[in-house]
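Down below is the structure, laid out as structure tokens.
The values are calculated or read from the model by the stated rules, or taken from the named source; none is laboratory data. Values in this document were obtained by computation on a predicted structure and should not be read as measured data. Reconstructed Cβ throughout: ideal geometry from the backbone, glycine too, with neighbour counts over all protein chains shown. Just so you know, the surface numbers come from the protein's heavy atoms only, side chains and all, with ligands and any DNA or RNA stripped out. Shrake-Rupley method; radii C 1.70, N 1.55, O 1.52, S 1.80 Å.
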There are 2 protein chains.
Amino acid sequence: MPDAEAPPQIEALIDLMARLPGLGPRSARRAVLTLLKKRGSLMAPLATAMAQVATTARDCRTCGNISTADLCPICTDDRRATGEICVVEDVADLWALERAGVFRGRYHILGGTLSALDAVGPDELRIPALLARIRSEGTREVILALNATVDGQTTAHYIADALTPTGVTITSLAQGVPIGGELDYLDDGTLSAALRARKSF
Amino acid sequence: MPDAEAPPQIEALIDLMARLPGLGPRSARRAVLTLLKKRGSLMAPLATAMAQVATTARDCRTCGNISTADLCPICTDDRRATGEICVVEDVADLWALERAGVFRGRYHILGGTLSALDAVGPDELRIPALLARIRSEGTREVILALNATVDGQTTAHYIADALTPTGVTITSLAQGVPIGGELDYLDDGTLSAALRARKSF
Ligand SMILES: [Zn+2]
Ligand SMILES: [Zn+2]
């Protein structure tokens, strides 16, 4: 290896940036160069914003959504129906549904899908917490809004089986979700149509 | 517009991230989601590293290289020849040449190229500082290692004209730099060959 190109602190920053999705080592280097050129107008505010979020962000105690308080804004919004819970894999999926603006109930973030390969079982996925919520909140309907992937649908079937004893109505997104598609990549119209046309699971 | 998807602090962080090259609004959102999932292992260290660099990084007083001290490590390295100055547009180009590891003199960072369109004149480019260095350091050779673009070559000709009265030898990278190519994207071997085969300008 040649000599270090940049000072060690800057090389360390490049290495950390390269761990972000979408940025490889070369694009991380270019991003850091842009930050260095805009030290006052971009780098300092970004560092401050990141530090603030890193210290204040936490998982909502009820639904698992990212929040800066113990409960997220959705869980504390009285205008949102408590009888409907939309189950999603990830916060990105909640954001996608909120962008579509069609669902006015509450969410439950699983935090992933069941996966034998990665040793992800029901306890890793906040499924026990979902069962507890349904019992304590008197939930009428659970909408399984999981990705149309093999793992997503395996997880949906597992949850449907686990929820059957509670008597809750179980539905799933139906029309408009393409085979193999991921919710976070769908346009708002497709998501809205899929939610409105949801069918019994 | 629909309701905000994420808490305001997180939306603000996404907006700042989206200003980095290579990250659009969507990929910035995904990057922030990764940061949120890795709050302790990635987000907090990244915020700290960024804040540290933002407060300590500055331009080397002599050459314009990024540094954490008044003078950069290259300008204070006694093993590097003082008689040769390699003129580059940008810190990224210096990094590329250091990766190649073939040049053992000093650098001078212009900070861009002359551009009538962007109203960039010689005073914006640290060209007066280059002239002053050549006079005070007794420079023997100036290597013009500018990009093989129209602006880069226009700037090279301007500098060559400005340097003629000093009597310094002016060379430029020759073989290996493809037409329209940018230094930062070349492989080390090509850069090394171009530097070794430099010719009189
Ligand atoms: Zn919540
Ligand atoms: Zn320097």
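Working note: 222 nm ellipticity from helices only, DSSP H runs with n ≥ 4, each -39,500 (n - 2.57), summed and divided by the residues of chain B, gives -12000 deg cm²/dmol to the nearest 500.
Amide H contacts of residue B:66: B:60, each under 5 Å away and 5 or more positions distant or on a separate chain (H built 1.01 Å from N in the peptide plane; Pro and chain starts excluded). Between this copy and the others, label points of residue B:45 are 2.8 nm apart in ascending order, each placed 7 angstrom from Cα in the Cβ direction. Using a probe of 1.4 Å, the accessible surface attributed to residue B:158 totals some 90 Å² when neighbouring protein chains are kept in position. Of B:96, B:47, B:28, which is the most mobile in a GNM of chain B whose springs link Cα atoms less than 10 angstrom apart? Evaluated over chain B, the most mobile residue of the options is B:28. For region B:8-56, the solvent-accessible area of protein heavy atoms averages 41 Å² per residue (probe radius 1.4 Å; ligands and nucleic acids excluded). Run the label-point distances for residue B:165 please: 7 Å along Cα to Cβ, every other copy, nanometres, shortest first. Values, ascending and in nm: 9.3. Summed over both chains, the contact between A and B buries some 5500 Å² of accessible surface at a probe radius of 1.4 Å.
Ligands, DNA and RNA left out, the 1.4 Å accessible surface of the protein assembly as shown is 53% carbon and sulfur atoms. If I take R0 = 22 Å and measure r between the Cβ atoms of residue A:162 and residue A:61 in this structure, what FRET efficiency does the formula 1/(1 + (r/R0)^6) give, to the nearest 0.05? Once the sixth-power term is evaluated, E becomes 0.55. For chain A, the longest principal axis of the alpha carbon atoms and the long axis of helix A:127-137 meet at an angle near 50°.
The dipole here belongs to region B:66-172: it is taken about the Cα centre, uses +1 on the Cβ of Lys and Arg and -1 on the Cβ of Asp and Glu, and is about 400 debye. For chain B, a Kirkwood hydrodynamic radius built from all Cα pairs, placed in the Stokes-Einstein relation at 20 °C and 1.002 mPa s, yields a translational diffusion coefficient of 112 µm²/s. Residues of region A:13-32 that bury at least 20 Å² of accessible area when the other protein chains are present, relative to the chain alone (probe 1.4 Å, heavy atoms, ligands and nucleic acids excluded): A:13, A:16, A:17, A:19, A:20, A:21, A:23, A:26, A:29, A:30, A:31. Look at the dipole of the protein assembly as shown built from charges on Cβ: of B:156, B:46, A:185, the Cα furthest out on the positive end belongs to B:46. Solvent-accessible surface of region A:66-172, averaged per residue with a 1.4 angstrom probe and all protein chains in place: 41 square angstrom. The alpha-carbon atoms of the protein assembly as shown define a convex hull whose volume equals 167 cubic angstrom per residue. Placing a label point 7 Å from the Cα of residue B:80 along the Cα-to-Cβ direction, the residues of region B:121-154 with a backbone N closer than 14 Å are B:143.
Count Lys and Arg as plus one, Asp and Glu as minus one, and take only other residues whose Cβ is under 12 Å from that of residue A:115; the net charge is then -4. Taken about its Cα centre, region A:1-70 carries a charge dipole of about 260 debye when Lys and Arg each add +1 at the Cβ and Asp and Glu each add -1 at the Cβ. Rounded to the nearest 10 square angstrom, residue B:95 shows an accessible area of 0 square angstrom against a 1.4 Å probe. Summary of the geometry: region B:1-62 and region A:61-111, compared by the centres of their Cα atoms, lie 23 Å apart.
Test of understanding: in a Gaussian network model of chain B with alpha carbons linked when under 10 Å, which of B:49, B:12, B:160 would top the mean-square fluctuation ranking? Between B:49, B:12, B:160, it is B:12 that shows the largest mean-square fluctuation. Here the 3J(HN,Hα) profile of region B:9-18, calculated from phi with Karplus coefficients 6.51, -1.76 and 1.60 at θ = phi - 60°, is 4, 6, 4, 5, 5, 4, 4, 5, 4, 5 Hz, Gly and Pro shown as x.
Let a ≥ b ≥ c be the square roots of the eigenvalues of the Cα gyration tensor of region A:8-56; is it rounded (a/c under 1.5), or, if not, prolate (a/b larger than b/c) or oblate? Since a/c reaches 1.5 but b/c is at least a/b, the shape of region A:8-56 is classed as oblate.
Comparing B:172, B:136, B:67 in a Gaussian network model of chain B, where Cα atoms under 10 Å apart are tied by springs, the biggest mean-square fluctuation is seen for B:136.
Close amide H partners of residue B:170, meaning residues 5 or more places away or on another chain with modelled amide H under 5 Å apart, are B:142, B:201. Plainly put, the tip 7 Å out from Cα toward Cβ on residue B:135 is 8.6 nm from that tip on each other copy, the closest given first.
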